[in-house]
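Asker: For reference, the structure I am asking about is given below.
Read-outs throughout are calculated quantities, based only on the coordinates presented, and are distinct from any laboratory measurement. Source: prediction; values computed, not measured. All Cβ positions, even for glycine, are placed from backbone atoms using ideal geometry, and neighbour counts span all protein chains on display.
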Amino acid sequence: MVDLQAKCVEVRKALLKTIGTLGVGHIGGSLSIVELLVVLYEKQMNIDPSNPKMEGRDRLIVSKGHSGPAVYAMLSTKGYFDESWLLTLNQPATNLPSHCDMNRTPGVDMTTGSLGQGFSCAMGAAKASKIRKDGATIYTIIGDGESQEGQIWEAAMFAAQQKLDNVIAFTDYNKMQIDGTIEEICGLEPLDDKWRAFGWNVIVVDDGNDVSAIDAAISSAKCSDKPSMIILNTVKGKGISFVEKEGVANHSMPISKEQMEAGLAELGGIQ
């Protein structure tokens, strides 16, 4: 049995080294979904890192594509590719571009980055799975800023109408986007009621960085006869104090070698 908390530390370290080596990157919204990724890849998803294209596998489509560095850190620690790849993030000829690319990175199920499109692709994948009757669950992560996109709600209507109960979606509700807080720019409340009105099963997790709460929410969603939206109240930059303190500015921020070393020390253990 994998120690989920220890795994979160391992993924955060890999993530910090990835962005710290490059010197800049999308760290805030990457750190906020580490617990979710760990629960999915280590406990909930039917996957095989030795066979990334396995038929009938569960799929994760990270529609908030700027969180690609977190996905890469998770995939690397899970064995999809060698950890040395992480140090090539966003470099020429890399297999790890800034936003996820299914044609370059083993374990990435959909190319994402243009906000809203990954979510629509997830609904298409869920419909295809229903047609194929392969038993796959389609997981997808959207951002709260991304939730201001109309494409999200078009896809939401489609999922309910098509009765895609094999969809489990997550909102990374850290309350911040690139230009300010969600409320300052285009508030989403009441977010849970909005999703219920669109015909979805809704679960709100008060602490979206709690692995036990995330795990319980996913297990509950698997019992629903509707598509499920799990709203995770997360902290942008979670786990590294100097990143958390930057607030909105941590969407994409420079990380010096000294900051990287300080962050690794804060996380503790072997660096």
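Asker: Averaging the inverse of every distinct alpha carbon separation and then flipping it gives the Kirkwood radius. What is it for region 69-153, in angstrom units?
Answerer: 14.2
Asker: Hey, another quick one. Give me the mean projected area, in nm² to one decimal, of the convex hull enclosing the Cα positions of the chain.
Answerer: Mean projected area of the Cα convex hull: 13.1 nm².
Asker: Taking the convex hull of the alpha carbon atoms in region 1-48, what volume per residue do you get, in Å³?
Answerer: 82
Asker: Please identify the longest segment of the chain free of exposed trypsin sites (Lys or Arg not before Pro), where exposed means a DSSP state other than H, G, I, E or B and no more than 11 other Cβ atoms within 10 Å.
Answerer: In the chain, the maximal stretch lacking such sites is 134-244.
Asker: Another question, if that's okay. Relative contact order of the chain: what whole-number percent is it, with Cα pairs under 8 angstrom and at least 6 residues apart?
Answerer: 24
Asker: Which three extents, in whole angstrom, do the alpha-carbon atoms of region 1-95 cover along their principal axes, largest first?
Answerer: Reported extents, whole Å, longest axis first: 37, 30, 24.
Asker: Assuming 0.36 nm per residue, please report the length gained on full extension of the stretch Glu261 to Asp207 beyond their Cα-Cα distance.
Answerer: Length difference between fully extended and current span is 16.7 nm.
Asker: Normalise the Debye intensity by I(0) for region 140-271, one equal point scatterer per Cα, no solvent, then take log10 at q = 0.13, 0.18, 0.21 Å⁻¹ and round to two decimals.
Answerer: -0.63, -1.00, -1.20
Asker: Right, next: What FRET efficiency do you get for Glu83 and Gln161 if R0 is 30 Å and r is their Cβ-Cβ distance, rounded to the nearest 0.05?
Answerer: Efficiency, rounded to the nearest 0.05: 0.10.
Asker: Run down the lysines and flag those whose C-alpha is under 17 Å from the C-alpha of Lys245, throwing out any fewer than 8 positions away in its chain.
Answerer: Once the sequence-local lysines are set aside, what remains near Lys245 is Lys175, Lys236.
Asker: Right, something else. Taking R0 as 35 Å, what FRET efficiency do you get between Ala249 and Gln151 from their Cβ-Cβ distance, rounded to the nearest 0.05?
Answerer: Efficiency at R0 = 35 Å is approximately 0.80.
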